[in-house]
Amino acid sequence: MGNVLATSQPPSGGNVYNFPPPPPLVCPDPQTGGKGESAKESNIENPGTMEDLNKKCKDVFPVNFEGAKLMVNKGLSNHFQITHTLNMSSITPSGYRFGATYVGTKQFSPTEAFPVLLGDIDPSGNLNANIIHQFSNSLRAKFATQIQNSKIQAAQISADYKGKDYTASLTLGNPDIINESGVAVAHYLQSVTERVALGAELAYQYGPNVPGKEIALLSAAARYTGTDMVLSGTIGGTGLHVCYYQRASEQLQLGVELETNIRLQESVASIAYQLELPRANLSFRGVVDSNWTVGAVLEKKLHPLPFTFAVSGMMNHPKSQFRLGCGLIIG
């Protein structure tokens with residue numbers, strides 16, 4: 001906003017004293033404090049949850065399976081989908097499982113709608129269920145449970161509050177009021193700059209089977225996000241966990257993970273890669289670690305049919321272990 005006196009016409013007598021006109025007034029920007037440029041803090045976004053701290057690196061690693069697997073996905077509507085899974089394996093539980101997924105109509109973004117209800121059950125009644133709901137743009141809650149042999153084996157309740165540049169989370173695992181046992185985990189992740197996020201984790205466990213009836217562990221977390229790389233990790237009283245993600249090209253992604261357990265004095269390093277060939281409708285993931293375990297998963301989409309063929313292999317020469325799996329996904 002300019003100076004009104006400076007831009008208005010002088011009186012008929014002119015400027016008698018020949019004083020120079022005052023400089024135009026400039027209103028300072030409240031966000032920059034008058035520096036004339038956008039503040040860097042305005043570009044800081046929400047860092048996400050602590051649960052997704054190492055997600056970029058973890059997504060590169062293959063998910064190996066053993067035996068034969070057949071999965072049929074059927075969408076009944078825009079909000080409801082069912083899944084039939086038949087698994088035959090000598091290691092994991094074999095048999096048939098029925099799954100269902102419901103996505104509500106409360107939409108917060110083009111890719112997210114709530115509530116979300118998903119679960120699967122086998123003929124014996126063993127159930128895995130998850131309920132996710134977002135009450136507002138900032139508050140999201142999740143409930144997960146596992147029932148086996150008509151008993152609740154595990155239950156977890158968590159809530160995430162997302163601010164402009166931070167996320168606070170609280171998780172309760174297997175809360176038992178009668179036996180006075182359970183686990184509580186608090187997370188806090190703060191965006192310091194556009195690329196750096198710092199956080200902390202406090203885990204508290206109590207119960208009659210815990211030494212001293214209670215124990216607490218504090219860990220620190222950090223993440224650096226570059227143009228095509230992400231470096232993240234946590235450090236605490238139990239050990240160190242570091243992940244590094246690198247996008248080498250449009251087709252190739254790399255991931256490196258290091259896990260160190262101070263109490264057991266053990267460390268395991270893993271290197272994984274993901275190769276995408278869109279023209280061939282093929283995806284390949286592989287991993288090798290310091291224990292000489294090698295694993296890979298190949299997925300091939302059989303267009304124009306709605307089929308995806310998968311082959312999994314994992315072996316360890318020192319332990320003389322070898323596992324092979326093949327699967328077909330329809331839908």
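The values are calculated or read from the model by the stated rules, or taken from the named source; none is laboratory data. Note that the structure is a prediction, hence the values are computed from the model and not measured. All Cβ positions, even for glycine, are placed from backbone atoms using ideal geometry, and neighbour counts span all protein chains on display. Quick note on the areas: whole protein, heavy atoms, side chains included, nothing else; ligands and nucleic acids left out. Shrake-Rupley method; radii C 1.70, N 1.55, O 1.52, S 1.80 Å.
Counting pairs of Cα atoms in the stretch 54-118, how many percent are more than 17 Å apart?
For the stretch 54-118, the share of Cα pairs beyond 17 Å comes to 61 percent.
Roughly speaking, what is the stretch gain from E51 to V192, that is 0.36 nm per residue apart minus the C-alpha to C-alpha distance, in nm to one decimal?
On the way: separation 141, 0.36 × 141 = 50.76 nm, distance 1.83 nm.
Here the answer is 48.9 nm.
Grab the other residues whose beta carbon is less than 15 angstrom from that of Q205, score K and R as +1, D and E as -1, and report the net.
-3
About the Cα centre of the chain, what is the dipole size in debye to 20, counting +1 per Lys and Arg Cβ and -1 per Asp and Glu Cβ, all else neutral?
Taking the Cα centre of the chain as origin, the dipole is about 640 debye.
Leaving out same-chain residues fewer than 8 places away, which lysines sit with a Cα under 23 Å from that of K142?
Answer for K142, where 23 Å is the Cα cut-off: K55, K56, K58, K106, K151, K162, K164, listed by chain and number.
Length gain on complete extension for the stretch V311 to V72, per 0.36 nm per residue less the alpha carbon to alpha carbon distance?
So the extension gain works out to 84.4 nm.
Give the calculated FRET efficiency between T92 and N179 to the nearest 0.05, with a Förster radius of 25 Å applied to their Cβ-Cβ distance.
For R0 = 25 Å, the calculated efficiency reads 0.25.
Mind checking Rg over Rh on the stretch 108-260, alpha carbons, Kirkwood formula for Rh?
1.02
Tell me the mean residue ellipticity at 222 nm calculated for the chain from its helices only (DSSP H runs of n ≥ 4, each -39500 (n - 2.57), averaged over every residue, nearest 500).
Helix contribution divided over all residues of the chain: -500 deg cm²/dmol.
Express the C-alpha Rg of the chain as a ratio against the empirical globular expectation 2.2 N^0.38 Å, rounded to two decimals.
1.40
Scan around V192 for amide H atoms under 5 Å from its own, H built in the peptide plane at 1.01 Å from N, and keep only partners 5 or more places away or cross-chain.
A197, L198
How far, in nm, would the chain grow between Q251 and A100 when pulled straight, counting 0.36 nm per residue and subtracting the alpha carbon separation?
Numbers: separation 151, 0.36 × 151 = 54.36 nm, distance 3.29 nm.
So the extension gain works out to 51.1 nm.
Based on the Cβ-Cβ distance from E259 to C326, what FRET efficiency comes out when R0 is 41 Å, to the nearest 0.05?
0.90
Which of L252, A222, A280 sits closest to the plus end of the dipole of the stretch 201-331, meaning its Cα is farthest towards the positive end, when Lys and Arg get +1 and Asp and Glu get -1 on the C-beta?
Most positive-ward Cα: A280.
Quick one: how many Å² of V294 are accessible to a 1.4 Å probe, rounded to 10?
Ignoring ligands and nucleic acids, V294 comes out at about 60 Å².
Could you give log10 I(q)/I(0) at q = 0.22 Å⁻¹ for the stretch 232-331, computed by the Debye formula over C-alpha point scatterers of equal weight, without solvent?
Here log10 of I(q) over I(0) equals -1.13.
If I model a spin label as a point 7 Å beyond the Cα along the Cα-Cβ vector, how far apart are those points for A129 and W292 in nm?
4.7 nm
What does the net charge come to around Q246 if you take all other residues with beta carbon closer than 11 Å to its beta carbon, with K and R at +1 and D and E at -1? Before the final figure, lay out the partial values.
On the way: positive: K56, R247; negative: D228.
Neighbourhood net charge equals +1.
Could you please report the charge total around F114, scoring K, R as +1 and D, E as -1 over all other residues with beta-carbon less than 15 angstrom from its beta-carbon?
It works out to a net charge of +2.
Modelled label-to-label distance, L217 and A200, 7 Å Cα→beta-carbon offset: nm?
1.8 nm
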